[in-house]
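Chemist: This is the structure I want to talk about, given as structure tokens.
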Amino acid sequence: MKLSGHLEQNLAQLMQAAGSSADVTLSRVSLCGIPCALLTCEGMLSSAMLGELVLEPLRQFSCDAASGDALLRAILRTRLLAPDTAVLHDSAAILTKIYAGFAVLLAEGSETALAFGIQGYAARSISEPSGELNIYGAKEGFTETLRTNISLIRRRMRTPAMTFSLVTAGTVSHTDLCICYLRDRAPEDLTARIREKLESLPLETVFSSGYVRPFLEESDIGLIHSVSTTERPDIFCAKLLEGRVGVLIDGTPFALVIPQLFCETFQTLDDYNYPPAYATLLRWLKYGAALIALLLPAAYLACAMWHPELLHETLLRILTESEQDVPFSLPAELLGVLFMYETVREAGLRLPKAVSGAVGMIGGLLIGDAAVKSGLLSTPVLTVAAISATAGFVIPEHHAALTVLRPAFILAAAAAGIPGIALLGTSVMLHICGTEIFGYPVSAPIAPLFPHRLRDILARIGFRQLSQGNFRISEIRTDNPH
């Protein structure tokens with residue numbers, strides 16, 4: 001609703017729209033003989049900035065304005081009360097600014113209001129990311145405050161091409177989202193399509209990156225993500241240099257990067273701080289860990305049930321003896337152990353830290369020693385499940401996919417042995433190769449094949465060779481935007 005020229009009517013309208021909320025404060029002042037009012041939201045602004053940038057300059061301000069409209073124009077023209085200043089004309093915009101940490105000044109006889117940005121709400125300080133640890137990289141990560149995250153990026157990208165564009169999402173929460181990109185590297189159509197998606201989000205609230213991520217991805221049933229998340233400003237900036245688009249969300253330390261390639265989930269920042277030979281070895285270690293985490297339980301089951309001739313005689317005898325006294329079938333054993341592992345893991349994550357350690361210890365005793373001694377589980381099954389679960393820790397990005405696919409491969413192995421594993425594995429590979437986001441295949445540069453880009457996939461060559469041909473995400477575009 002538009003403001004009128006009557007101060008009391010405007011205040012009554014605003015307080016009614018705010019529901020007389022206790023955190024909205026109203027201060028009546030007189031400037032140059034004209035009645036005025038200052039509206040703020042308690043806890044969303046800095047008291048020191050309010051006094052230094054708004055109250056003290058207003059107290060010293062004097063002019064011969066004959067109306068409230070002339071007074072506000074004089075203040076706006078002659079005094080810079082805060083770096084972020086806006087002129088507002090309706091009550092909805094005023095309340096949005098107040099709840100965002102602005103101080104709003106209204107005057108009798110004016111149909112406009114002035115908003116001064118003096119945000120100063122409590123926030124967590126910059127600390128090391130908890131989920132993306134490294135040895136040689138920076139020890140600072142994103143926080144829940146959008147402006148702080150923008151400053152972390154600007155410190156690393158001091159180029160005029162670095163662009164930040166704000167979008168508001170959530171019909172109730174009015175959460176600020178920031179689209180980040182380099183104008184000279186990010187494709188214009190990619191940026192435009194992401195902005196269109198964000199501006200049309202059918203959400204009432206946006207509390208985390210998980211609210212936004214599904215609307216950017218083109219499939220709700222994908223086993224792998226085509227939009228990545230990161231807590232690290234250095235990784236975020238490295239992706240922007242390749243022409244990608246990032247999204248910061250106010251209230252969460254996890255930033256989104258679009259698009260994500262499947263091969264990048266096996267790369268870490270430390271790979272580029274180690275010598276090339278050692279980094280290549282670590283990368284192949286991750287590839288092997290992924291295969292072990294996914295296929296080892298199913299391969300063990302297939303050999304034990306369908307293809308015993310593939311096992312050594314001594315190993316086959318050990319397996320036979322260990323399974324004789326177990327009351328469950330081999331597939332039921334494997335599924336039960338994996339189910340208990342996921343249960344203990346989830347309990348350890350959700351419970352308070354003081355209790356989570358005890359849960360892990362009790363779960364280890366329950367699944368391990370007690371289960372084997374009681375004859376409910378065999379030692380080989382427990383060993384295979386433990387190796388598979390441990391290998392999955394090497395690639396935490398794929399934990400959700402592994403949790404879903406491991407039982408599927410076990411059932412395929414129980415039904416048809418190695419042919420069943422091969423059939424399901426082929427289906428998973430086709431699914432990965434067929435996943436795209438905004439025309440970018442996540443399986444590139446392997447499918448479609450870009451041989452000159454495999455030097456950072458199959459191996460990690462030195463920086464002298466890497467710097468000769470900087471990667472751009474537009475190189476793997478499969479459709480023509482024009």
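Chemist: Return the residues of the stretch 232-249 that are of a type in the set (Asp, Glu) and either under 16 Å from Pro187 (Cα atoms) or at pLDDT 95 or above (or both); say none if nothing qualifies.
Modeler: Selection gives Glu242 alone.
Chemist: Okay, moving on. Kindly indicate the residue of the stretch 213-227 that is under 17 Å from Leu190 (Cα atoms) and in contact with a helix residue (DSSP H, G or I) (Cβ under 7 Å, 6 or more places away or on another chain) and also surrounded by the fewest Cβ atoms within 10 Å (Cβ to Cβ) among those meeting that condition.
Modeler: Phe215
Chemist: Quick one: which residue in Lys97, Lys139 is buried (at least 20 other Cβ atoms within 10 Å of the Cβ) and without any contact (Cβ under 8 Å) to a residue 24 or more places away in the chain?
Modeler: Being buried (at least 20 other Cβ atoms within 10 Å of the Cβ) and without any contact (Cβ under 8 Å) to a residue 24 or more places away in the chain holds for just one of Lys97, Lys139, which is Lys97.
Chemist: Return the pairs, sorted by first residue and then second, in which the second residue is surrounded by fewer than 20 Cβ atoms within 10 Å (Cβ to Cβ), the first residue lies in the stretch 385-412 and is on the phi > 0 side of the Ramachandran plot, the beta carbons are less than 7 Å apart, and the residues are 6+ apart or on different chains.
Modeler: Close Cβ pairs (under 7 Å, with a partner that is surrounded by fewer than 20 Cβ atoms within 10 Å (Cβ to Cβ)) do not exist here.
Chemist: Looking only at the stretch 241-252, decide whether some residue is of a type in the set (D, E, K, R), touching a Leu at 6+ places or on another chain (Cβ under 6 Å) and farther than 30 Å from Ala422 by Cβ.
Modeler: Checked the stretch 241-252: at least one residue is of a type in the set (D, E, K, R), touching a Leu at 6+ places or on another chain (Cβ under 6 Å) and farther than 30 Å from Ala422 by Cβ.
Chemist: Just wondering, is there one or more residues in the stretch 249-256 that are farther than 30 Å from Leu146 by Cα, crowded, with 16+ Cβ neighbours inside 10 Å and touching a residue at least 12 places away in the same chain (Cβ under 8 Å)?
Modeler: No: the stretch 249-256 contains no residue that is farther than 30 Å from Leu146 by Cα, crowded, with 16+ Cβ neighbours inside 10 Å and touching a residue at least 12 places away in the same chain (Cβ under 8 Å).
Chemist: In the stretch 171-208, what residues are charged (D, E, K, R) and free of Cβ contacts under 8 Å to residues at least 24 places away in the same chain?
Modeler: Arg183, Asp184, Glu188, Glu196, Lys197
One line per residue, one yes/no per condition, for (1) of a type in the set (Phe, Trp, Tyr); (2) part of a helix (DSSP H, G or I); (3) out of contact with any Gly (no Cβ under 8 Å at 6 or more places or on another chain); (4) modelled with pLDDT under 90:
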position	(1), (2), (3), (4)
Leu376	no, no, yes, yes
Val384	no, yes, yes, no
Arg406	no, yes, yes, no
Val428	no, yes, yes, no
Leu454	no, yes, yes, yes
Ala459	no, no, yes, yes
Ser474	no, yes, no, yes
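Chemist: In addition: Collect the residues in the stretch 212-248 that are in a helix (DSSP H, G or I), of a type in the set (Lys, Arg) and within 18 Å of Glu144 (Cα to Cα), keeping them in residue-number order.
Modeler: Arg213
Chemist: Still on this structure: Against the definition (polar (S, T, N, Q) and in a loop (DSSP other than H, G, I, E, B)), how does Ser165 come out, yes or no?
Modeler: So Ser165 fails the test.
Chemist: Just name the residue that is nearest to Leu53 (Cα to Cα) out of those in the stretch 78-102 that are in contact with a Lys or Arg (Cβ under 9 Å, 6 or more places away or on another chain) and small (Gly, Ala, Ser).
Modeler: Ala86
Chemist: Oh, and also: For the stretch 114-133, does any single residue satisfy the condition of being surrounded by 18 or more Cβ atoms within 10 Å (Cβ to Cβ) and over 32 Å from the mean Cα position of the chain (by Cα)?
Modeler: Yes: one or more hits.
Chemist: Of everything in the stretch 134-162 that's of a type in the set (D, E, K, R) and outside any loop (DSSP other than H, G, I, E, B), which residue is nearest to the chain's Cα centre (by Cα)?
Modeler: Looking at the filtered set, the residue picked out is Arg147.
Chemist: Another one. Step by step: first the residues of the stretch 429-456, then only those that are buried (at least 17 other Cβ atoms within 10 Å of the Cβ) and of a type in the set (A, V, I, L, M, F, W, C), then the one that is nearest to Pro187 (Cα to Cα). Which residue is that?
Modeler: Taking the candidates together, the pick is Phe438.
Chemist: Another question, if that's okay. Within the stretch 154-162, is even one residue in contact (Cβ under 8 Å) with a residue 12 or more places away in the chain and under 30 Å from Ile75 (Cα atoms)?
Modeler: no
Chemist: Which condition from (1) more than 19 Å from Leu133 (Cα to Cα); (2) surrounded by 18 or more Cβ atoms within 10 Å (Cβ to Cβ); (3) at pLDDT below 95 is the one that Ala277 breaks?
Modeler: In the conditions (1) more than 19 Å from Leu133 (Cα to Cα); (2) surrounded by 18 or more Cβ atoms within 10 Å (Cβ to Cβ); (3) at pLDDT below 95, Ala277 misses (2) alone.
Chemist: Out of the stretch 390-412, which residues are touching a Leu at 6+ places or on another chain (Cβ under 9 Å) and of a type in the set (Val, Ile, Thr)?
Modeler: Across the stretch 390-412, the qualifying residues are Val394, Ile395, Thr403, Val404, Ile410.
Chemist: Let me ask you something else. State whether one or more residues within the stretch 83-98 are assigned to a helix (DSSP H, G or I), charged (D, E, K, R) and modelled with pLDDT under 85.
Modeler: no
Chemist: Do you know which of the residues in the stretch 273-287 that are free of Cβ contacts under 8 Å to residues at least 24 places away in the same chain and in a helix (DSSP H, G or I) is farthest from Val404 (Cα to Cα)?
Modeler: So the residue we want is Ala277.
Chemist: Still on this model: Using the structure shown, decide if Ser67 is at pLDDT below 90 and either crowded, with 16+ Cβ neighbours inside 10 Å or under 20 Å from Leu146 (Cβ atoms) (or both).
Modeler: Spelling it out, it is not the case that Ser67 is at pLDDT below 90 and either crowded, with 16+ Cβ neighbours inside 10 Å or under 20 Å from Leu146 (Cβ atoms) (or both).
Chemist: Does Val344 qualify as being in a helix (DSSP H, G or I), touching a Gly at 6+ places or on another chain (Cβ under 6 Å) and either at pLDDT below 80 or over 30 Å from Gly137 (Cα atoms) (or both)?
Modeler: Spelling it out, Val344 is indeed in a helix (DSSP H, G or I), touching a Gly at 6+ places or on another chain (Cβ under 6 Å) and either at pLDDT below 80 or over 30 Å from Gly137 (Cα atoms) (or both).
Chemist: For the stretch 28-58, give me each residue that is under 40 Å from the mean Cα position of the chain (by Cα), loosely packed, with under 13 Cβ neighbours inside 10 Å and either outside any helix (DSSP H, G or I) or of a type in the set (Phe, Trp, Tyr) (or both).
Modeler: If the condition is that a residue be under 40 Å from the mean Cα position of the chain (by Cα), loosely packed, with under 13 Cβ neighbours inside 10 Å and either outside any helix (DSSP H, G or I) or of a type in the set (Phe, Trp, Tyr) (or both), then Glu42, Gly43 are the ones that fit.
Chemist: Here is a follow-up. What pairs come out if I take residues in the stretch 10-38 that are under 23 Å from Asp64 (Cα atoms) and pair them with residues that are acidic (Asp, Glu) and buried (at least 18 other Cβ atoms within 10 Å of the Cβ) whose C-beta lies under 9 Å away, six or more apart or interchain?
Modeler: Ile34/Glu108; Pro35/Glu108; Cys36/Glu108; Ala37/Glu108
The values are calculated or read from the model by the stated rules, or taken from the named source; none is laboratory data. Everything numeric here is computed off the predicted structure, so don't read it as measured data. Cβ coordinates were reconstructed from backbone atoms using ideal geometry, including for glycine residues, and neighbour counts include every protein chain displayed.
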